[in-house]
Amino acid sequence: EPEVTQTPSHQVTQMGQEVILRCVPISNHLYFYWYRQILGQKVEFLVSFYNNEISEKSEIFDDQFSVERPDGSNFTLKIRSTKLEDSAMYFCASRAGRGAEKLFFGSGTQLSVL
Amino acid sequence: RKEVEQDPGPFNVPEGATVAFNCTYSNSASQSFFWYRQDCRKEPKLLMSVYSSGNEDGRFTAQLNRASQYISLLIRDSKLSDSATYLCVVESSGTYKYIFGTGTRLKVLA
């Protein structure tokens with residue numbers, strides 16, 4: 001079964017550093033998402049991406065965050081200057097397109113900001 | 001009111017029991033509804049979509065009540081392997097956002 005792939009599985013960084021989390025969505029999917037889950041809390045929507053632009057973003061997704069689809073396969077989340085509270089599991093997800101509502105998740109990147 | 005609300009549990013039930021979870025949502029224009037399962041520190045995995053007519057997949061039955069804005073999940077003949085957190089997910093109509101509830105934790109006991 002095709003799957004969403006995320007790298008790295010764990011990322012440790014110092015506060016104030018930039019990090020890039022990488023995702024390879026399922027190949028024929030058109031809609032891409034980033035979610036995060038702080039330990040013990042719920043899965044929170046960050047941003048959705050379609051047709052090479054952001055279609056929706058949450059209040060969490062401030063100027064420190066950006067997303068990019070640099071080529072036909074990768075979808076990245078960049079955090080410019082990490083804060084302690086950015087420590088969380090970050091999940092990438094994709095879905096096929098209109099009429100296909102099922103969201104498929106990658107196994108996540110655990111980000112630890114020290 | 002929260003967009004998607006669930007009782008966090010935990011629900012501790014013996015093997016073989018039937019257990020039901022409810023979830024309420026606030027946006028009456030929501031169109032798509034799902035139950036996901038999440039094991040500890042793993043990604044959410046789709047359990048089933050929820051349709052207006054209700055749907056069943058083996059031991060799992062999902063129902064949608066649009067008038068009262070809630071969805072339910074029934075698990076029959078619980079197995080130890082059903083122990084997990086069950087996430088209610090609602091797509092906000094007209095957006096591309098899927099909103100997750102806090103999840104309901106289930107522990108099936110031997």
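The values are calculated or read from the model by the stated rules, or taken from the named source; none is laboratory data. What you see is a predicted model; the values in this text were computed from it and never measured. So basically every Cβ, Gly included, is an ideal-geometry build from the backbone, and we count neighbours across all protein chains shown.
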Inset, instruction - Tell me which of these A:Glu18 doesn't satisfy, since it passes every other one: (1) more than 14 Å from the chain's Cα centre (by Cα); (2) within 13 Å of chain B (Cβ to nearest Cβ). - result: (2)
Inset, instruction - Give me a count of the residues in the range B:15-68 that are surrounded by fewer than 19 Cβ atoms within 10 Å (Cβ to Cβ), within 26 Å of A:Val4 (Cβ to Cβ) and hydroxyl-bearing (Ser, Thr, Tyr). - result: 3
Inset, instruction - Please state which one of B:Gly101, B:Gly16, B:Gly54 is on the phi > 0 side of the Ramachandran plot and touching a residue at least 12 places away in the same chain (Cβ under 8 Å). - result: B:Gly16
Legend entry - Test result for B:Phe100, within 14 Å of another protein chain (Cβ to nearest Cβ), touching a strand residue (DSSP E or B) at 6+ places or on another chain (Cβ under 7 Å) and of a type in the set (Phe, Trp, Tyr): yes
Inset, instruction - Considering every residue within the range B:9-23, establish whether at least one is part of a loop (DSSP other than H, G, I, E, B) and within 11 Å of another protein chain (Cβ to nearest Cβ). - result: no
Legend entry - Residues of the range B:54-95 that turn out to be over 10 Å from the mean Cα position of the chain (by Cα), of a type in the set (S, T, N, Q) and within 13 Å of chain A (Cβ to nearest Cβ), as a count: 3
Legend entry - the range B:24-47: number of residues that are under 11 Å from the mean Cα position of the chain (by Cα) and within 10 Å of another protein chain (Cβ to nearest Cβ): 5
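Among residues belonging to the range A:42-60 that are among the charged types (D, E, K, R) and part of a strand (DSSP E or B), point out the one that is nearest to the other protein chains (Cβ to nearest Cβ).
Applying the filter and picking the extreme gives A:Glu56.
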Inset, instruction - Could you check, for the range A:66-89, whether at least one of its residues is facing chain B (nearest Cβ under 9 Å) and in a strand (DSSP E or B)? - result: yes
Inset, instruction - Among the numbered conditions (1) in a loop (DSSP other than H, G, I, E, B); (2) touching a Lys or Arg at 6+ places or on another chain (Cβ under 9 Å); (3) of a type in the set (D, E, K, R); (4) closer than 27 Å to A:His29 by Cα, tell me where B:Lys42 comes up short. - result: (2)
Legend entry - Residue in the range A:90-114 that is farthest from the other protein chains (Cβ to nearest Cβ), counting only those that are surrounded by fewer than 19 Cβ atoms within 10 Å (Cβ to Cβ) and of a type in the set (A, V, I, L, M): A:Leu114
Inset, instruction - Restrict the check to the range B:11-18 and report whether at least one residue is closer than 18 Å to A:Ala93 by Cβ and at pLDDT 95 or above. - result: no
